[in-house]
Amino acid sequence: MNPQEPTVPERGAEIEEGTVSALEAVDGLAVAGSQRLSAVRLQAVVAASLRAALDLVLGDQPPRKPLTATWDDGALEITVPDVRLENLTAAGALLESIDGNVGAAREGKAFLMRVPVAGPRALYLMLEQGTLNLAIPWHAVIRIRLVRPDALEQLARREGSVVLPPFVTVPPGGGERPAVLVALGLRRAFLTADRLVWRMPADPIEPPESTPGASLGSAVRTSEGEVFWVADPARLLRGIEPFSPPIPPSIPPPPPWKSAGPIDRSEPAARPPVAPARIDSPFARPIRVAPEPSAARPPAAPSQSRLVELRPEDVEPLRAIPPAEPAPRGRGARRALVVEDSIVGRIFLQRLLEAQGFSVESVSSAAELRHAGLHSWALMFVDVSLPDSPRGEHLRTLAGTPAVALIRDRHDERTAEAAGICFALRKPFERADLLRVIEALGLAGETA
């Protein structure tokens, strides 16, 4: 998901009552790209609490840099470049009362505020932990990482959090597993699973008779009839201490000026080197020391801030695009290309297509799309907004090709239509939606 092009579904009248535009919550504040916030709906109490929390951390002085907003179908995230740390605890308590959270950004001194978006159906991140199906409210998900079990504790310490015990006994294994950073207010912790299912909407149901854990008191059912236990953040994080920001000491005024005598121009004595102190808190800015290059793993490319982040080093590398070749005709033409800058989205779509018998390659930019060869694929799924083509300029080259646009809202849909693309898949989608598109393109019934 490209944070510069948020996903906003078409809203029905059923969610208008009791909601306000997110633009109203930031009225008077300098927010980059705020015009599109008018399409995002928040419950009135959520909007009021978010604005109160923003006013607390901003204080009376306007920020030196504009705020930024990213959002999708389940959460709105506001990045605040400068905050008043002495008011952060009060802001965290306000956000916790509306199931929101606040925490440090990945880079620099900025802080992120994340609150739920009003929608026709609640959105969850679905996981499997042993034999247990778990659903985490999407607005409580900060990050998703793939990590080895023996490295999880180290990851948690680096994030300034803890690891929650599993609900069921999970057999030990050496492979990487999903670890989800869950947050509420100023509290956060990692919840591990065996398998990441995907983000999807679900409806509340009466829970089954036997409850697998004290933190699992409710359940939801997806459109496909699968039942998941809801991991309620308030119960999950009960007993986890909220972060208490260190308040910087006030700087005493300088003493009155007086003559210091003649200036000493002699060379100062050399100072012994001082090793940087280890900083484990995610709310402090650590000193970054570049590690020695490893032959086994190349240095990771810097990643952009996202609502959900799987960094390239957290997943096995995707295969490189081979030189373009003419696509074979007939039933053997089962090559598909996925063009998506979100690692989570690429992996999810690639696995669904491979289950349908496609040989799949994935890229993340418009430049890589150009080098992939537009006529080498039986099917292409292309995100409307890419980091090097945020306004969809790359779509203009896809007219007449078997391309499916990955859209987020009506604006994306109009962009795809103007480029001459006939098929679209709205995010977040489920397996049934993908199968309908494949069938409409005449490629159904050829799965391996």
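Some notes on this structure:
- Matching option when the condition is within 23 Å of Arg370 (Cα to Cα) and either touching a residue at least 12 places away in the same chain (Cβ under 8 Å) or crowded, with 19+ Cβ neighbours inside 10 Å (or both), among Val437, Val404: Val404
- Criterion applied to Leu406, Leu398 was being modelled with pLDDT of 85 or more and in contact with a Lys or Arg (Cβ under 7 Å, 6 or more places away or on another chain), and the one residue passing it is Leu406.
- Scanning the range 207-236 for residues that are within 26 Å of Gly100 (Cβ to Cβ) and part of a loop (DSSP other than H, G, I, E, B) yields Pro207, Gly213, Ala214, Ser215, Leu216, Gly217, Thr222, Ala231, Asp232.
- Test: residue in the range 37-48 that is of a type in the set (Ser, Thr, Tyr) and assigned to a helix (DSSP H, G or I): yes
- Cβ-Cβ under 6 Å pairs, at least 6 apart or on other chains, the range 408-426 side in the same structural domain as Gly345 (by TED's automatic domain parsing) and in contact (Cβ under 8 Å) with a residue 60 or more places away in the chain, far side surrounded by 15 or more Cβ atoms within 10 Å (Cβ to Cβ) and not β-branched (Val, Ile, Thr): Arg408/Lys427
- Going through (1) touching a helix residue (DSSP H, G or I) at 6+ places or on another chain (Cβ under 8 Å); (2) more than 30 Å from Ile407 (Cβ to Cβ) one by one, Val40 falls short only on (2).
- Scope the range 23-74; condition more than 16 Å from Met113 (Cβ to Cβ), in contact (Cβ under 8 Å) with a residue 24 or more places away in the chain and in contact with a Leu (Cβ under 6 Å, 6 or more places away or on another chain); matching residues: Asp73
- Some residue of the range 371-387 being assigned to a strand (DSSP E or B) and small (Gly, Ala, Ser): no
- For the range 85-96, the count of residues that are small (Gly, Ala, Ser), within 23 Å of Pro201 (Cα to Cα), touching a residue at least 60 places away in the same chain (Cβ under 8 Å) and surrounded by fewer than 20 Cβ atoms within 10 Å (Cβ to Cβ) is zero.
- When the criteria are applied in full, Thr7 fails the requirement of being under 21 Å from Leu95 (Cα atoms), among the polar types (S, T, N, Q) and modelled with pLDDT under 95.
- A single entry from Ala405, Ala432, Ala444, Ala424 fulfils the requirement of being of a type in the set (A, V, I, L, M) and part of a loop (DSSP other than H, G, I, E, B): Ala444.
- Boolean, Asp60 is in a loop (DSSP other than H, G, I, E, B), modelled with pLDDT under 90 and buried (at least 20 other Cβ atoms within 10 Å of the Cβ): no
- So Pro390, is it within 27 Å of the chain's Cα centre (by Cα) and farther than 19 Å from Leu353 by Cβ: yes
One line per residue, one yes/no per condition, for (1) touching a residue at least 12 places away in the same chain (Cβ under 8 Å); (2) closer than 12 Å to Val338 by Cα; (3) outside the structural domain of Ser38 (by TED's automatic domain parsing):
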site	(1), (2), (3)
Ser359	yes, yes, yes
Ala372	yes, yes, yes
Glu430	yes, no, yes
Asp433	no, no, yes
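- Filter pass, Glu86 being acidic (Asp, Glu), under 20 Å from Ala22 (Cα atoms) and in the same structural domain as Ala25 (by TED's automatic domain parsing): no
- Test: residue in the range 221-230 that is of a type in the set (S, T, N, Q), in the same structural domain as Glu128 (by TED's automatic domain parsing) and free of Cβ contacts under 8 Å to residues at least 60 places away in the same chain: no
The values are calculated or read from the model by the stated rules, or taken from the named source; none is laboratory data. For clarity, every value in this text was computed on a predicted model and none was experimentally measured. All Cβ positions, even for glycine, are placed from backbone atoms using ideal geometry, and neighbour counts span all protein chains on display.
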